[in-house]
Amino acid sequence: MGSFHPESPSRLTAISDHLIAQGIDAYFSHFDAPLATLEELRRVHPVGYLEKLKRSAPENGIVHLDPDTAMNPYTWQAALRSAGAGIMAVDMVMKREVANAFCAIRPPGHHAERETALGFCFINNVAVAARHALEHHGLSRVAIVDFDVHHGNGTEDIFKDDPRVLMVSMFQHPFFPYSGADCTAENMCNVPLPAGTSGEEFRMVVSDIWLPRLREFQPEMVFISAGFDAHYEDDMGSMKLVESDYAYVTREIKRYADQACQGRIVSMLEGGYVLSSLARSVAAHLRVLADL
């Protein structure tokens, strides 16, 4: 999106380099994601929006859709591949080819609404993956856990009042995108938190609010919108989480999934913009998912 934009290619490089430096990269199976098809995307986004988005990609240079969200000649293909990663992950988990999956992808997706690109996001990757699980694999109920520092307004826009989907989330409030705190949809369990929220307070949200709702809903697969910008080093937000907090929430989600839905978890990268804290937090997340 430009040489000084925080949503940069170096995010994925930092993650990959850190996993290698920590000696854990070899424990994972690596896959190149396919491009999502129009049919798969239409489960979430109207065709008119998708066609307009494709046309918006410039032949050269950068075009801004809003002050924060820009496209270059490769953005459309990258967005298709990010969404395709979730499709592939769902298929592999459902076929038991892998126990669970983490999609190291960009651009992120949880701010993309049905017909609006926003907040660095173009296609709602986790929504595409969740709908694939429901409509292609025939699941009845799925849950989405979102711990990005920003509210997943796009995911809410797509799934509010859909009884097949439970979304549990926390986010700094008031803060971009200035939504979520007033949602009345029964399937949206949003927990707005003030700036300065500590890891201890976050863990109470997980144990006292999220897990009871998950047990009540009984999803057959759990998706994670894994944003790591609530880390205290990340200046995109003002919360105070650390790597051990991300390990904790991952452990609790994994423990629940192992007991309730055959361990089916697909985690998809959202935010996290300070490279060191992003890489360390992703590593903590992956260690738990992989039982390392």
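Derivation of every value follows stated rules applied to the coordinates shown; laboratory data play no part. Every value quoted in this text rests on a predicted model; they were computed, and no experiment measured them. When we count neighbours, we look across all protein chains shown, and the Cβ atoms used for this are built from the backbone with ideal geometry, even at glycine.
Rounded to the nearest 0.05, what FRET efficiency is calculated for A195 and S56 with R0 set to 35 Å and r the Cβ-Cβ distance? Intermediate results must be reported in sequence, preceding the final value.
Values: r = 34 Å, r/R0 = 0.97.
For R0 = 35 Å, the calculated efficiency reads 0.55.
Can you give the extra length, in nm with one decimal, that the chain gains between I209 and V98 once fully stretched, where that is 0.36 nm per residue apart less the Cα-Cα distance?
Numbers: separation 111, 0.36 × 111 = 39.96 nm, distance 2.92 nm.
Length gained between I209 and V98: 37.0 nm.
State, to one decimal in nm, how far the label point of D161 lies from the label point of S3, with both points 7 Å from Cα in the Cβ direction.
4.8 nm
Whats the longest run of the chain with zero trypsin sites (Lys or Arg not before Pro) that are DSSP loop and have at most 10 other Cβ atoms within 10 Å? Write out the running numbers ahead of the final one.
Working: sites that count: K95, R96.
Longest gap between qualifying sites, sites excluded: 97-292.
Please tell me the relative contact order of the chain in percent, rounded to the nearest whole number, where contacts are Cα pairs under 8 Å and at least six residues apart.
So the answer I get is 19 percent.
Of the listed values (i) 23.3, 76; (ii) 20.0, 61; (iii) 17.3, 50, identify the label whose number matches Rg and Dmax of the Cα atoms in Å calculated from this model.
(iii)
What spacing in nm lies between the two simple spin-label points modelled at R42 and D291, each 7 Å away from Cα in the Cβ direction?
Roughly 4.1 nm, to one decimal.
Within segment 277-292, name every residue whose backbone N is under 20 Å away from a label modeled 7 Å from Cα of T13 along the Cβ vector.
Those under the cut-off are 277-283.
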